[in-house]
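I have placed the structure first, in the form of structure tokens, so that the comments after it can refer back to it.
Read the figures in this text as sums done on the coordinates, not as results from a lab. Here the structure is a predicted model, which means the values were calculated and not measured. Neighbour counts are summed over all protein chains in view; Cβ atoms, including those assigned to glycine, are modelled from backbone coordinates with ideal geometry.
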Amino acid sequence: MDTGKHFPHSEPKWLQRTLIAVSVAFVGVLILLPVIAVFTEALRKGFSFYLQSITDPLALSALRLTLFTAAITLVANLLFALAASWCIAKFNFPGKNLLLTLIDLPFAVSPVISGLIFILVFGARGWFGPLLGRAGIQIVFATPGIVIATIFVTFPFIARELIPLMQEQGTEEEEAATLLGAGAWQTFRRVTLPNIRWALVYGIVLANARAMGEFGAVSVVSGHIRGRTNTLPLHVEILYNEYNFAAAFAVASLLALLAVVTLAAKAALEWRIRVEQRQSVIAAGRV
Amino acid sequence: MAIDARHVSKSFAQYSALKDVSLEVKQGELVALLGPSGSGKTTLLRIIAGLDAPDPNPQTAVFVNDEEISRKSVSERKVGFVFQHYALFRHMTVFENIAFGLRVRPRKVRPSKEAIRGKVNELLELIQLGRWASHYPSQLSGGQRQRVALARALAIEPSILLLDEPFGALDARVRQDLRRWLRNLHAKIHITSVLVTHDQEEALEVADRVVIMNQGRIEQIGTPNEVFHSPASEFVVTFLGNVNLFHGRVESGQAVIGKVSVGQKQDSSVPDGKSARVFVRPHELEIERHPMNGAAVPSRVARIQSAGSIVRVELLSEQSEAITVELTHDRYRDLGIQAGDDVFVRVRDARVFVADEPAVDYSI
């Protein structure tokens, strides 16, 4: 094969090389370098200090809270996203565009503002604060507030994955299933869900990454009570402000590892989809 | 009556898709709903299926096998429905698609695994796709997909079969094969069927009766012969195949085109001077070298297209009206005409519409 041969529409060599160099430089400086820095800084005082930092009771409690928040957030957003995309994609109703816009709102609003909104609504001097206080329910500066703020911030991720796909797929398959005698649940489980499963998992992966890493909104509603309302990102900030850099980076590396696991899940997922597609192509080729 | 729809109307926002339509379909009949897009034929079909609800009106009622359909949910109704774009379940194999309607039945009435397998294999045999059972819909051609969709609809042993433009997305050749195949299938299993189509050839070839729809109303119901040879309205004439339109006038109970009168009128109550619209199909015209008793329109041959089973001759009349005539190859050879020749066009048969008067058949 003549590798030096140019296709009629391919760019000149120098342009190709420049573009590749720019991309590599960007990825290197902005992504790879910080990740390496996190791990080197984390291990600066040795591995035992690293272990000690991440097994510190405060760090473990932050990890627990982060995982707990992410789990509830995912379940809540999953249910909401399924319901919202279902009615947006499959039905026409007044206010549909308003609903679509509202779903995007968390993307448009700064996370800090989102946090402040919940202080104003549920805080001690907020609209419902006194009422909730009398009932003995604390939302702001407690776990419920952190969960609510995280749900708010990650609210569009799954729905945004599902809505375009479900709109594109239309309603005919569901109609066909109903005409064949399937009930609403059977139609959902046997027809709708299999058609959207990859988009659903992809949305969950993205929402999870954001839920675990959220700082702004959570920072406002959490109150930074160590051991009680600190999530991992907040714990990192506190350690950093105390000039405890090695510990801060050690905990940050934990967060980075969670991100790596999330990304690995995403990569595995994409690989799975490619294999499935290839299999169907192979099967088609056999015919 | 297998299907009895009475006074059905349907409007979407400002747009009225169906206007007080009534339709009866007999047991075992294959009826085609024929009309241009926007004529309401698909809306009517979806209402019969129960996918859409008619506008509320005390007179409105839709019966399927003598049962008012609004009393049952769509999933209980056992209606076989075939969509234009197949609507096969994309993540299921051909086998699973066909088995779906049996698998979703409540446990008490669900057939055993072996019974389902037997039924699906039988249907695969019927649609001649046995070898494709484990393939996915994306691996099939359009014609194959539509056969799978049909088998899937038949698996639940529906009381009626509704087909929404089933061959609309296929190319001409496949469409013809499937049409014939559907006709044979219907002769074999005699299931009451309603077929929606905008293709007049398809409707006339396949259906026992044709329902011609336009702008939300039924223009005419009849056998293919009746609607083709005795059209009830101008719309029906123009929609069913090519037709020449001559603008004439009424003179002493006769339609006159230019100086040529086209036959006798049985009913002479129509006053003189009214404008008459004369519709003549291309095969109802004859080309002559010489005028015969004056009853022919002088014209000039513009173009001859002889590559086909018939010869199409396009002419321009003295009044500069475009005329299309269809001749047999034998007749064309006998005439020996060429483009530019001056000839006479004789009207053998015509349908005349005077203002809002019903059709009167003329013969000379």
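Numbers below:
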quantity	calculated
Residue mean of other protein chain beta carbons inside 10 Å, A:184-194	3
Average Cα contact separation per residue, segment A:1-160, under 8 Å, 6 or more apart, as relative contact order %	26
Under 12 Å from the residue A:260 label point (7 Å along Cα→beta-carbon), backbone N, segment A:222-253	A:253
Per-peptide average of other Cβ atoms within 10 Å, ordering B:7-13, B:87-93, A:94-100 highest first	B:87-93, B:7-13, A:94-100
Dipole axis of the protein assembly as shown (+1 Lys, Arg; -1 Asp, Glu on Cβ), positive-most option in A:24, B:253, B:32	A:24
Cα-Cα separations in segment A:1-119 greater than 16 Å, expressed as whole percent	82
Helix B:113-126 vs. chain B, principal-axis angle (Cα, 0 to 90°, nearest 10)	20
All Cα pairs of segment B:89-172, percent lying beyond 14 Å	62
Label-point gap, in nm, between residue B:275 and residue B:215 - each point 7 angstrom along Cα→Cβ	1.6
Distance between segment B:234-264 and segment B:1-76 - C-alpha centres, whole angstrom	36
For chain B, alpha-carbon Rg over 2.2 N^0.38 Å	1.21
Percent of alpha-carbon pairs separated by more than 26 Å within segment B:103-251	40
Estimated 222 nm signal from helices in chain A, with DSSP H stretches of n ≥ 4 weighted -39500 (n - 2.57), rounded to 500	-25000 deg cm²/dmol
Cut-off 20 Å, label 7 Å out along Cα→Cβ of residue B:76, residues of segment A:171-189 by amide N	A:175-188
Segment A:20-281: relative contact order in percent, alpha carbon pairs under 8 Å with at least 6 residues between	32
Residue order, fewest to most surrounding Cβ atoms within 10 angstrom, among A:128, B:167	A:128, B:167
Of all DSSP beta bridges in chain B, antiparallel share, percent nearest 5	75
Descending principal axes extents, segment A:20-281, alpha-carbon based, whole Å	66, 57, 33
Distance from segment B:155-177 to segment A:52-71 (C-alpha centre basis), Å	61
Residue A:45 paired with residue B:328, simple spin-label distance in nm, labels 7 Å along Cα-to-beta-carbon	10.7
Ascending count of other beta-carbon atoms within 10 Å, so fewest first, for B:86, A:240	A:240, B:86
Least to most buried among A:69, A:150, A:40 (fewest other Cβ within 10 Å first)	A:40, A:69, A:150
Radius ratio Rg over Rh of the protein assembly as shown, counting only Cα atoms, Kirkwood formula for Rh	1.15
